[in-house]
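First up is the structure itself, then whatever we jot down about it.
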Amino acid sequence: MIRRVPRGTLLAATLALLATTALAQQQQEAPAQAPAPAATPAPAPAPAPAPAPAPAPVAAAPAAAPAAAALPPGSPLIGRPDNNPAAAKLAPVPAPPLATAENKLPLDKLKAPKGFNIEVYASGMPNARSMALDEKGTVFVGSRLQDKVYAITNRDGKRQVHVLVSGLYRPNGVAYKNGTLYIAELSQISKIDNVEDQIDKSPKPVVIYNDLPKDEAHGWKFLAIGPDNKLYFEVGQPGNNVLHDANHGQLRRINLDGTGAEKIAFGIRNTVGFDWNPKNHELYFTDNGRDWMSEDLPNDELNRITKLGEDFGAPYCYQGNVADPEFGWGHSCSEFVPPVALMGPHAAALGMRFYTGTMFPSEYRDQIFVARHGSWNRTKKFGGDIALVKLNKDGSVKSVEPFITGFLQPDNNYVGRPVDVMNMPDGSMLISDDWNGAVWRVTYGPNKKVAGR
C-alpha cells in the first residue's frame, strides 16, 4: 500500500536530507474501409401523358473521407492539430537502430567553452540512457528502447563495455548503493546484489517493487538514491496531456528493500532527471511540458521541492504561468508551485546533476548541468545540448545558458542527443548519448582530444 504524505508537511529534520514521450509508438493503420455496395437501379418511371420540365440537377453527395489512421493509446501524435501542414510535418525523431562506430562519432561537431575538452569515454551501447557509478569506477548505463543494461569497466587503464543483463523491459533507470545495482523498468524495480562480482555472469535481477502502472506513455523511469537512503522515481502522466489519476503524475520513494512506498510530489508530467542540492539537500527535478499547445509554449521546467506533497501543476498549469487550454478551466496557476527556471520550449530537459567535483573552475561548483535531449514537435528544433544552470545562494536560479553544444546542428538535424550527465571521482563529467549509443567525457585543462570550437 502506498502512503501519501499530506501536502504542506514540512521536511522533518531527519528528512531535511531530501531527503527528491512515450516510446514514440508507430502509428497503426486503421483497417481499410470496405467499398460501398453498388446502388440498386431505380425502376424506370411510367411515361407521362405530356412531357414535364426536367428537374434541376441534384448535386452529387461528396465522397466519404477516408478513415483517419488510428493512434495507439499514449501516442505522442495524439492532439496534433488537424489540417495544419506545419504540424503534419512534426513527429518524433527516431534514433539510428545501431550504435555509431567509434571512428564515426561526431566529436568534431561538439563545442565546449574555452579550456574544456570532450572525448569519447565508451561506445557501442545502443540507446545509452541513464547512468550510475560504483566505487570501483564501473559505470552502469540503462536503456529505454533496448532490453539491456550495460556496464563500462575501467580496469588497469583499459575500458571495456559489457552487457550486464538483457531481457528487461525499458530498463531506463539505474542507481547504485553499497554493492547493489537497482534497475527501474517500465512497471517494476529490481536489484542485483554484489553486482561487481557478476558483470560477466548475466545475473538475474530480483524484483523488489512492482506496484506500478504499465502505461507506455511516459512509463520509463529515472531512478536515484537520495541523501535519506531511499530510492526515488517518477510515475509520469499517461499521455501527452491527460487528467491523470491518483497513481500517475507524481514522484515516489521507497526503502531500498522496496517497502514503505510514499507519494511525495504531484502535478508532474514527465521527469527523467533529478538530483539533490549538496548544500541543503533540496531536490531539484526537470519536467517536460505538454506537446501541441504551440511551437513556443509551454517551456520545460526545472523545479525544486521545498516541502513534501507539493503540486507542480500538470495538467492544469504549465511553466508556472500558462493555464492549459483544455484542463485549466476552474484553476489558477497560483494554486501550484512555479518552476525555479524555464528550460526552453519543448527542449526535452532530461538528466541533471549538481557538479560537486573540483576539476572544473570554482564557479561551476554546486551548479547544475542539464541534458536537453532536444525538441521534435517544433519546426525550428531547440535544445540538443548540455545547459548550465547557475544558482543564487538561496537556491533560486540566476541564469540558464548553453554549455556543451553541437548535438543539434545549424541545419536543424541531430548528430547526437544527450540524455544524462554524471560526475566522476576525478572531477570530470560523463554525458550519455542515446542517438550514438555512446558516453562522452568532459574534462578541464590540457587534453589531446579537444572538441571543435
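The values are calculated or read from the model by the stated rules, or taken from the named source; none is laboratory data. These numbers come from a predicted model, not from an experiment. With ideal geometry, Cβ positions are generated from the backbone for all residues, glycine too; neighbour counts draw on all protein chains shown. What goes into the accessible areas is simple: the full protein's heavy atoms, side chains included, and nothing from ligands, DNA or RNA. Shrake-Rupley method; radii C 1.70, N 1.55, O 1.52, S 1.80 Å.
So the values come out like this:
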{"item": "Any chance residue 398 is among the basic types (Lys, Arg), assigned to a strand (DSSP E or B) and surrounded by fewer than 20 Cβ atoms within 10 Å (Cβ to Cβ)", "result": "yes"}
{"item": "Residue match in the stretch 148-165 (condition: touching a Gly at 6+ places or on another chain (Cβ under 6 Å) and open to solvent by 10 Å² or more (accessible area, probe 1.4 Å))", "result": "yes"}
{"item": "Residues (within 20 Å of the chain's Cα centre (by Cα) and either modelled with pLDDT under 95 or not in a strand (DSSP E or B) (or both)) located in the stretch 361-378", "result": "373, 374, 375, 376, 377, 378"}
{"item": "Enumerated strands (runs of 3 or more DSSP E) restricted to the stretch 109-173, each holding at least 3 residues that are within 21 Å of the chain's Cα centre (by Cα)", "result": "128-133, 139-143"}
{"item": "Failed criterion for residue 243 (all others in (1) closer than 30 Å to residue 427 by Cβ; (2) modelled with pLDDT under 95 hold)", "result": "(1)"}
{"item": "Of residues in the stretch 410-429 being of a type outside the set (Asp, Glu) and open to solvent by 40 Å² or more (accessible area, probe 1.4 Å), the one nearest to residue 277 (Cα to Cα)", "result": "425"}
{"item": "Total residues in the stretch 315-327, condition open to solvent by less than 10 Å² (accessible area, probe 1.4 Å) and either over 18 Å from residue 292 (Cβ atoms) or out of contact with any Asp or Glu (no Cβ under 7 Å at 6 or more places or on another chain) (or both)", "result": "1"}
{"item": "Qualifying positions in the stretch 322-360 - more than 21 Å from residue 79 (Cβ to Cβ) and assigned to a loop (DSSP other than H, G, I, E, B)", "result": "332, 336, 337, 338, 339, 340, 355, 356, 357, 358, 359, 360"}
{"item": "The stretch 85-108 residues that are acidic (Asp, Glu), paired with ones that are not in a loop (DSSP other than H, G, I, E, B) (beta carbon under 7 Å, 6 or more apart)", "result": "102/120"}
{"item": "Lone qualifier among 200, 193, 275, 228 - being under 15 Å from the mean Cα position of the chain (by Cα) and farther than 30 Å from residue 78 by Cα", "result": "275"}
{"item": "Among (1) closer than 22 Å to residue 92 by Cβ; (2) touching a strand residue (DSSP E or B) at 6+ places or on another chain (Cβ under 7 Å); (3) open to solvent by less than 10 Å² (accessible area, probe 1.4 Å) - the single one residue 436 does not satisfy", "result": "(2)"}
